[in-house]
Amino acid sequence: MISYKELGLVNSRELFTKAVKGGYAIPAFNFNNMEQLQAIIAACVETKSPVILQVSSGARKYANQTLLRYMAQGAVEYAKELGCNIPIVLHLDHGDTLELCKSCIEYGFSSVMIDGSHHDYNKNVELTAQVVEYAHKYDVSVEGELGILAGVEDEVSAEHHTYTQPEEVQDFVQKTGVDSLAISIGTSHGAFKFKPGQNPEIRLDILAEIERRIPGFPIVLHGASSVPQDIVAQINQYGGKLKDSIGIPEEQLRAAAKSAVCKVNIDSDGRLAMTAAIRKTLFDNPAEFDPRKYLGPARDMLKALYIHKINNVLGSDGKASIND
Ligand code: G3H
Ligand code: 13P
Ligand code: ZN
């Protein structure tokens, strides 16, 4: 058993309290390889933002649990080397069993999500409460979920949103003891969220009603990628074949981040940015075969995307100090 505290990581509790009070959201960026991790840390150090390093169960299998533990510890040391000791959380994204959550905690995660949203309400409460009971013994924070997002996550896909029912949130939070709650209010997983011409809408009215029932309680938004059209165009210009799609408008995310939404999950936009840079580099230099020559530009593009999200969407820039 490795405690996340030995790795220099923090849980998300205090970060969320400050983010809710301060009207901003902490970025939760997914990663599974070194270049993504370098881009995340470099962007967060440069903007002085706290960060949640987010790992799905698929990413954990891909990267290896032992390597991930050292990568997270390395991220803490790398941030210090770059000149800013930013708070870093290592978080399991969409955990589906108690066993997986336990295993992540044993390997140094400081925060876990137990996503029981596909179960019926009582089963979701029961499973989430079990994870909370285990995690809190180790001072690990827990995110639960109520409501179902449209889109694809791991192998599970849902075609339509099932919005979170505000009447359920207070009971769920009380019975489970979760530290934060992911809700479904119109965001959606993946790079193909809405067709051009559709009108994506985050239901800020449902969010307001949830906040009224659990004032100040940390709320999480999944599926918050915006599918930047210039990045999609670059992929398709250099040989890609992505179908047209739009994501969540950034102004709507900004409005949500000013409320009790204190964690915003972004994965797909990062995947698109890396792919766009790699495609362009290989198109421009077809003889190139040194991975550093195309992964380097991908890392730069990713870092620029994250800096933009932090400064212009989440508002977490300058919030890394414990006094903020
Ligand atoms: O919500 C899901 C995340 O984007 C993780 O995706 O399971 O393909 O790693 P993944
Ligand atoms: P996107 O697919 O919109 O990036 O959402 C990621 C996410 O919610 C990870 O849990
Ligand atoms: Zn998600």
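The values are calculated or read from the model by the stated rules, or taken from the named source; none is laboratory data. As the structure is a prediction and not an experimental result, all values here were calculated from the model. We place every Cβ from the backbone using ideal geometry, glycine too, and count neighbours over all the protein chains shown.
Anything in the stretch 32-81 that is under 15 Å from His94 (Cα atoms) and in contact (Cβ under 8 Å) with a residue 60 or more places away in the chain? List them, or say none.
Ile52, Gln54, Ser56, Ser57, Gly58
Test of understanding: among Gly95, Gly108, Gly144, Gly83, which residue is touching a Lys or Arg at 6+ places or on another chain (Cβ under 8 Å) and small (Gly, Ala, Ser)?
Step by step, each of Gly95, Gly108, Gly144, Gly83 is checked, and only Gly108 is touching a Lys or Arg at 6+ places or on another chain (Cβ under 8 Å) and small (Gly, Ala, Ser).
Could you please find all residues in the stretch 211-230 being over 21 Å from Ser141 (Cα atoms) and surrounded by 18 or more Cβ atoms within 10 Å (Cβ to Cβ)? Show your work before the answer.
Filtering the stretch 211-230 down to residues over 21 Å from Ser141 (Cα atoms) leaves 212-213, 224-230.
Listed by number, the residues that qualify are Ala224, Ser225, Ser226, Val227, Pro228.
Can you pull out the residues in the stretch 203-221 that are within 16 Å of ligand 3 (Cβ to nearest atom) and either in contact with a Phe, Trp or Tyr (Cβ under 6 Å, 6 or more places away or on another chain) or over 21 Å from His94 (Cα atoms) (or both)? Reasoning before the result, please.
Let us first name the residues in the stretch 203-221 that are within 16 Å of ligand 3 (Cβ to nearest atom), namely 218-221.
The one that is within 16 Å of ligand 3 (Cβ to nearest atom) and either in contact with a Phe, Trp or Tyr (Cβ under 6 Å, 6 or more places away or on another chain) or over 21 Å from His94 (Cα atoms) (or both): Pro218.
Just name the residue that is surrounded by the most Cβ atoms within 10 Å (Cβ to Cβ) out of those in the stretch 181-197 that are within 13 Å of ligand 2 (Cβ to nearest atom) and not hydrophobic (A, V, I, L, M, F, W, C).
Thr187
Can we say Gly197 is away from ligand 3 (no atom under 15 Å from the Cβ), in a loop (DSSP other than H, G, I, E, B), on the phi > 0 side of the Ramachandran plot and without any contact (Cβ under 8 Å) to a residue 12 or more places away in the chain?
Numbers: away from ligand 3 (no atom under 15 Å from the Cβ): yes; in a loop (DSSP other than H, G, I, E, B): yes; on the phi > 0 side of the Ramachandran plot: yes; without any contact (Cβ under 8 Å) to a residue 12 or more places away in the chain: yes.
Taking the combined requirement at face value, the residue satisfies it.
Yes or no: Asp230 under 23 Å from Met301 (Cβ atoms), assigned to a helix (DSSP H, G or I) and within 16 Å of ligand 1 (Cβ to nearest atom)?
no
Checking Val140 against (1) within 26 Å of Ala208 (Cβ to Cβ); (2) at pLDDT 95 or above; (3) not acidic (Asp, Glu), only one condition comes out false. Which one?
Val140 satisfies every listed condition except (1).
Six or more apart or on different chains, Cβ under 9 Å: which pairs go from a residue in the stretch 167-194 that's basic (Lys, Arg) to one that's within 16 Å of ligand 1 (Cβ to nearest atom) and assigned to a strand (DSSP E or B)? Could you list them?
Listed pairs, sorted by first residue: Lys193/Ala150; Lys193/Gly151.
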